[in-house]
1. Only residues that are of a type in the set (A, V, I, L, M, F, W, C) and in a helix (DSSP H, G or I): list them for the stretch 64-73, please.
2. If I ask for residues that are over 23 Å from residue 152 (Cα atoms) and not β-branched (Val, Ile, Thr), which ones from the stretch 44-70 would you list?
3. Determine if the stretch 128-139 includes at least one residue that is without any contact (Cβ under 8 Å) to a residue 60 or more places away in the chain and hydrophobic (A, V, I, L, M, F, W, C).
4. Please verify whether residue 87 is at pLDDT 90 or above and either over 18 Å from residue 161 (Cβ atoms) or open to solvent by less than 50 Å² (accessible area, probe 1.4 Å) (or both), treating the condition exactly as stated.
5. Does the stretch 89-96 include one or more residues that are in a loop (DSSP other than H, G, I, E, B), among the acidic types (Asp, Glu) and within 15 Å of the chain's Cα centre (by Cα)?
6. Does the stretch 74-83 contain any residue that is open to solvent by less than 40 Å² (accessible area, probe 1.4 Å), outside any strand (DSSP E or B) and not β-branched (Val, Ile, Thr)?
7. Are any residues in the stretch 116-130 surrounded by fewer than 17 Cβ atoms within 10 Å (Cβ to Cβ) and either at pLDDT 90 or above or in a helix (DSSP H, G or I) (or both), and if so, which ones?
Amino acid sequence: MKVLLIEDDVSIFDVICERFAQWNIDVIGPEDFQQIMVTFKKEEPQLVIIDIQLPAFDGFHWCREIRAVSNVPILFLSSRDHPMDMVMAMQMGADDFVQKPFHTEVLIAKVQALLRRAYNYQETIQSDVEKWNGAEIHYDRAMVHYMGERVELTKNELFILKVLVKARGQIVSRDELMRKLWDDERFVNDNTLTVNVNRLRQRLEDIGLLDGIITKKGLGYMAVDA
């Protein structure tokens, strides 16, 4: 696996490179912090780790640029501790957020979980289409078609939608979703799940698919049939 680490602190970059090498994960950095997309397109990494505060443009800018062309997993690594920073990261399309200072074991666990979810899971997805409320969910392409419109989903959004639709009519608790998503809920920030579900709802609403996922207060979420 190859990880693009967009981090201008050389000491942090070197520590991550050294630890990731022990897990056979190659780490590369940008050749020019003003030309991040050049490196991204050239190297085609399987995962991106990005700081918020960077030379030239901030991490939010580059997250948007990457999301415009790819669904590669993105993890923010930042010393910024305001809740809105995490919310913004998730809304931009990030899959997870780790705050500095951090334990390398936690970072590795999160990276491994993202890689398993994005690639091992993707390999096991059948190339079929599931119909739900008049929509067609293409699991192999991470895409939903509805009434002539279509929307692409991130790996997290696709996973959440699949779990809920497969259990349609039944409540799936937040704890169960977090366990399925992150394997070990000790590394989960509860707000991350809320942001991902809200973002999934918004994407479905953008193509006119309304009220397909409902919240059962204090219990969890449920996919319903129209």
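The values are calculated or read from the model by the stated rules, or taken from the named source; none is laboratory data. Just so you know, these numbers come straight off a predicted model, no measurement behind them. Ideal geometry is used to build each Cβ from the backbone, glycine not excepted, and the neighbour counts take in all protein chains shown. Only protein heavy atoms, including side chains, enter the accessible area calculation; ligands, DNA and RNA are left aside. Shrake-Rupley method; radii C 1.70, N 1.55, O 1.52, S 1.80 Å.
1. Matches in the stretch 64-73: 66 only.
2. 51, 53, 54, 55, 56, 57, 58 - these are the residues of the stretch 44-70 that are over 23 Å from residue 152 (Cα atoms) and not β-branched (Val, Ile, Thr).
3. So the first thing to find is which residues in the stretch 128-139 are without any contact (Cβ under 8 Å) to a residue 60 or more places away in the chain, and the list is 128-131, 136-139.
Restricting the remaining residues to those that are hydrophobic (A, V, I, L, M, F, W, C) gives 129, 137.
Scanning the stretch 128-139 turns up at least one residue that is without any contact (Cβ under 8 Å) to a residue 60 or more places away in the chain and hydrophobic (A, V, I, L, M, F, W, C).
4. no
5. Yes: the stretch 89-96 contains one or more residues that are in a loop (DSSP other than H, G, I, E, B), among the acidic types (Asp, Glu) and within 15 Å of the chain's Cα centre (by Cα).
6. No, there is no match, as no residue in the stretch 74-83 is open to solvent by less than 40 Å² (accessible area, probe 1.4 Å), outside any strand (DSSP E or B) and not β-branched (Val, Ile, Thr).
7. Of everything in the stretch 116-130, those that are surrounded by fewer than 17 Cβ atoms within 10 Å (Cβ to Cβ) and either at pLDDT 90 or above or in a helix (DSSP H, G or I) (or both) turn out to be 116, 119, 120, 121, 122, 123, 124.
Residue-wise test of (1) open to solvent by 20 Å² or more (accessible area, probe 1.4 Å); (2) in a strand (DSSP E or B); (3) modelled with pLDDT of 90 or more; (4) within 30 Å of residue 85 (Cα to Cα).
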site: 159; (1), (2), (3), (4): yes, no, no, yes
site: 169; (1), (2), (3), (4): yes, no, yes, no
site: 181; (1), (2), (3), (4): no, no, no, yes
site: 192; (1), (2), (3), (4): no, no, no, yes
site: 202; (1), (2), (3), (4): yes, no, yes, yes
site: 205; (1), (2), (3), (4): yes, no, yes, yes
site: 218; (1), (2), (3), (4): yes, no, no, yes
